[in-house]
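Here's a structure for you.
The values are calculated or read from the model by the stated rules, or taken from the named source; none is laboratory data. The model shown is predicted, which means the values in this text are computed figures rather than measured ones. Note that each Cβ is placed from the backbone with ideal geometry, even for glycine, and that neighbours are counted across all protein chains shown. Areas reflect the complete protein model, heavy atoms only, side chains present, ligands, DNA and RNA absent. Shrake-Rupley method; radii C 1.70, N 1.55, O 1.52, S 1.80 Å.
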Amino acid sequence: MASKILSYQIIRRFSSARQAGHAEPIVIRGIEYPRDSFTNVTPKILSFIGKNKHNQEKHPLCLLKKRITNYFYTRFAGRTGNPIFSMYDSIHPVVTVHENFDSLLIPKDHVSRSKSDCYYINEKYLLRAHTTAHQSELISMGLDNFVVFGDTYRRDEIDSSHYPVFHQADSVRLCNQNQLCMRIQNEIEVFEKKPTEEFSYKQPEHTLDASKVVEQELKAFLIGLTEHLFGKGIQYKWTDSYFPFTHPSWELEIYFKDSWLELLGCGLIRHQILKNVGAGDRIGWAFGLGLERLAMALYSIPDIRLFWSEDPGFLCQFDVEDVNKNVTYKPVSEYPPCINDISFWLPETQEYSSNDFYDLVRSVGGDLIEQIRLIDSFTHPKKGTTSHCYRIVYRHLEKTLTQEEVNQLHKAIELAAAENLQVKIR
């Protein structure tokens, strides 16, 4: 009976939020946003807004933010010794579709715009999928050198290294022709007299010389940042990449604990982006990195959920006076997982995405969900209907879960999936 009551309460909380959405607006920091067919953000995700773990003192993400900021301030200083980079770490995560995509030249049909990838508030607003969303606005304000830290939101798989809310750092450095000449103590032309075709190594508007100078500064800075964080002698490599908002573009990888780890993405900012916001006389670079990815490597943190823990046993390990101190996380305790599978037929009358199911499981199970993995997909040869089987790993970070507790939660997930996603449990 207790199991049925618990399941019913969880389902009603989840489905009521969905049903109420058809009439009630979403309220974030006192601002009302009307819902529409694009709305897919859940109450669980909205509850993360304002937590700002990167600003929480004695938190590993805050330590890492300070280490990165310190490197910026020592690497780039004005004539009087004052930092030339502006730092922003409290910009609100609600952005427009234009800011998140259009201002960055992300194509209309790009997969990153899809509802299965983003948390939309409505057709015009979403929770930022990257801190790069603020790039154009800050440049339009006249800023040439800045770094943005913030929480970002993406619908994704669930495992020990993925979480729907994570934190990023994004940086921009711009200069005009005179400033670039002063940096290299030589004359240099930034722009072609007539745009060329686009090559893999430069944009049509930029001269090859200017592109190479900016590329060299960017890579030298990022190698220095990498050595600042991981120590001198760290093995690294550059790989060519693609981002809609930079060209040429690269990813920086380091050889860490016997494997290559992707550290960040970077490149020369697209001239059209700068031109669109009144900075067409400038050339510059940008890079972005995930704070959790770096912190997990630096501090040997095995599970991304730990960054949301309020357990003193976790947080006290990062209570250090020197932010550059090497900290190795030691598990407070380890508890065994419980594994349950769930199989269901997908709905035939409405669109379905695995991320819809992941969001539902996260809303019902919270941080007791360690991982969800699609382990089987079967299409009936005669009926044409498709069945999915997911494996759910349950694990509490602070105690041992009983199988009875897990079964109650698993049942609640089954009922919520059937009611809200119109699937048929097998």
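Take D102 and decide whether it is surrounded by fewer than 22 Cβ atoms within 10 Å (Cβ to Cβ) and either of a type in the set (K, R) or under 16 Å from D359 (Cα atoms) (or both).
no
Using the structure shown, decide if R293 is part of a helix (DSSP H, G or I), under 17 Å from D170 (Cα atoms), out of contact with any strand residue (DSSP E or B) (no Cβ under 6 Å at 6 or more places or on another chain) and of a type in the set (D, E, K, R).
yes
Filter the range 58-78 for residues that are charged (D, E, K, R) and touching a helix residue (DSSP H, G or I) at 6+ places or on another chain (Cβ under 7 Å); which is nearest to F318 (Cα to Cα)?
Our first condition is that a residue be charged (D, E, K, R); within the range 58-78, this holds for 58, 65-67, 75.
With touching a helix residue (DSSP H, G or I) at 6+ places or on another chain (Cβ under 7 Å) added as a condition, the list becomes 58, 65, 67, 75.
Numbers: K58: 5, K65: 13, R67: 13, R75: 25 Å.
Per the stated criteria, the residue is K58.
Now for a different question. Of all residues being buried (at least 23 other Cβ atoms within 10 Å of the Cβ) and of a type in the set (S, T, N, Q) in the range 118-135, which is farthest from the chain's Cα centre (by Cα)? Just the residue, please.
So the residue we want is Q135.
Looking at F38, is it within 23 Å of D151 (Cβ to Cβ) and either open to solvent by less than 70 Å² (accessible area, probe 1.4 Å) or modelled with pLDDT under 95 (or both)?
yes
Here is a further query. Has the range 249-268 got at least one residue that is open to solvent by 10 Å² or more (accessible area, probe 1.4 Å) and either farther than 25 Å from G233 by Cβ or among the β-branched types (V, I, T) (or both)?
No, that holds for no residue.
Next up: Is it true that some residue in the range 388-404 is open to solvent by 50 Å² or more (accessible area, probe 1.4 Å) and closer than 15 Å to I158 by Cα?
Yes, there is a match, as at least one residue in the range 388-404 is open to solvent by 50 Å² or more (accessible area, probe 1.4 Å) and closer than 15 Å to I158 by Cα.
Oh, and also: Please identify the pairs in which a residue from the range 323-345 that is within 13 Å of P60 (Cα to Cα) and open to solvent by 20 Å² or more (accessible area, probe 1.4 Å) has its Cβ atom under 8 Å from the Cβ atom of a residue that is modelled with pLDDT under 95 and aromatic (F, W, Y), counting only partners at least 6 apart or on another chain.
Y329/F314
Could you check, for the range 164-184, whether at least one of its residues is over 24 Å from the mean Cα position of the chain (by Cα), of a type in the set (D, E, K, R) and open to solvent by 30 Å² or more (accessible area, probe 1.4 Å)?
Scanning the range 164-184, I find at least one residue that is over 24 Å from the mean Cα position of the chain (by Cα), of a type in the set (D, E, K, R) and open to solvent by 30 Å² or more (accessible area, probe 1.4 Å), so the answer is yes.
On the given criteria, is R362 open to solvent by 30 Å² or more (accessible area, probe 1.4 Å), charged (D, E, K, R) and closer than 30 Å to F307 by Cα?
Answer is no for this residue.
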